[in-house]
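Trainee: Dropping the structure in here first, questions after.
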């Protein structure tokens, strides 16, 4: 679950709850529109959404090319497992509760930050010198 301000704005809620799945295990069908923005690390995130109802259907994070993010609400399944981690907790609304057994982090995990740094280095290396 992500409490960052950008996820709050994107979802129109107080946080985003999402699950990541291996790209090769997914088949996503239907018309979708997309929106790409830079995340706080500088890596790009491409969100896809239904052009009819505007519900977010999935997203790609440049630093995690092998997985696809799916918003948990899309499953409409109250028995969906609880989140495994909460990030950007300093931006959490004070009345929002995080389950006691869910680790709470001030930002991204160290593993994600390393992946983002590697991605940005690779992007710079392939883009060549700036004009």
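Trainee: For residue 38 and residue 5, calculate 0.36 nm times their separation in residues minus their Cα-Cα distance, and state this gained length in nm to one decimal.
Mentor: Full extension of this stretch gives 10.5 nm more.
Trainee: Give the order of 127, 13 when sorted by the count of other beta carbons within 10 angstrom, beginning with the fewest.
Mentor: Numbers: 127 8, 13 13.
Ascending number of Cβ neighbours within 10 Å: 127, 13.
Trainee: Rounded to the nearest 0.05, what FRET efficiency is calculated for residue 46 and residue 82 with R0 set to 30 Å and r the Cβ-Cβ distance?
Mentor: Working: r = 27 Å, r/R0 = 0.89.
Step by step, r from the Cβ atoms, then E = 0.65.
Trainee: Follow-up question, since we're still on this one. Rounded, prolate or oblate: which one fits the chain, using the alpha carbon gyration tensor with axes a ≥ b ≥ c (rounded when a/c is under 1.5, else prolate when a/b beats b/c, else oblate)?
Mentor: Details: a/c = 1.74, a/b = 1.23, b/c = 1.42.
Verdict is oblate for the chain.
Trainee: Starting from the Cα-Cα distance between residue 31 and residue 105, subtract it from 0.36 nm times their residue separation and give me the gain in nm to one decimal.
Mentor: Details: separation 74, 0.36 × 74 = 26.64 nm, distance 3.53 nm.
This chain segment gains 23.1 nm when fully extended.
Trainee: A further question follows. Between residue 74 and residue 24, what is the label-point separation in nm under the 7 Å Cα-to-beta-carbon projection?
Mentor: Roughly 2.1 nm, to one decimal.
Trainee: To the nearest 500 deg cm²/dmol, what mean residue ellipticity at 222 nm is calculated for the chain from DSSP H runs of n ≥ 4 alone, each contributing -39,500 (n - 2.57), summed and divided by the residues? Before the final figure, lay out the partial values.
Mentor: Values: 2 runs with 25 residues, N = 131.
Computed mean residue ellipticity for the chain: -6000 deg cm²/dmol.
Trainee: To continue, here is another question. Taking square-rooted eigenvalues a ≥ b ≥ c of the alpha carbon gyration tensor, is the stretch 78-131 rounded, prolate or oblate, where a/c under 1.5 means rounded and, failing that, a/b exceeding b/c means prolate? Walk me through the numbers on the way to the answer.
Mentor: Values: a/c = 3.54, a/b = 2.64, b/c = 1.34.
Verdict is prolate for the stretch 78-131.
Trainee: Would you give the gap between the C-alpha center of the stretch 1-33 and the C-alpha center of the stretch 73-116, rounded to a whole Å?
Mentor: The distance from the Cα centre of the stretch 1-33 to that of the stretch 73-116 comes to 13 Å.
Read-outs: derived from the displayed coordinates by stated rules, not from any lab. The structure displayed is predicted, hence computed values, not measured ones. No Cβ is skipped: glycine too gets one built from the backbone with ideal geometry, and neighbour counts run over all protein chains shown.
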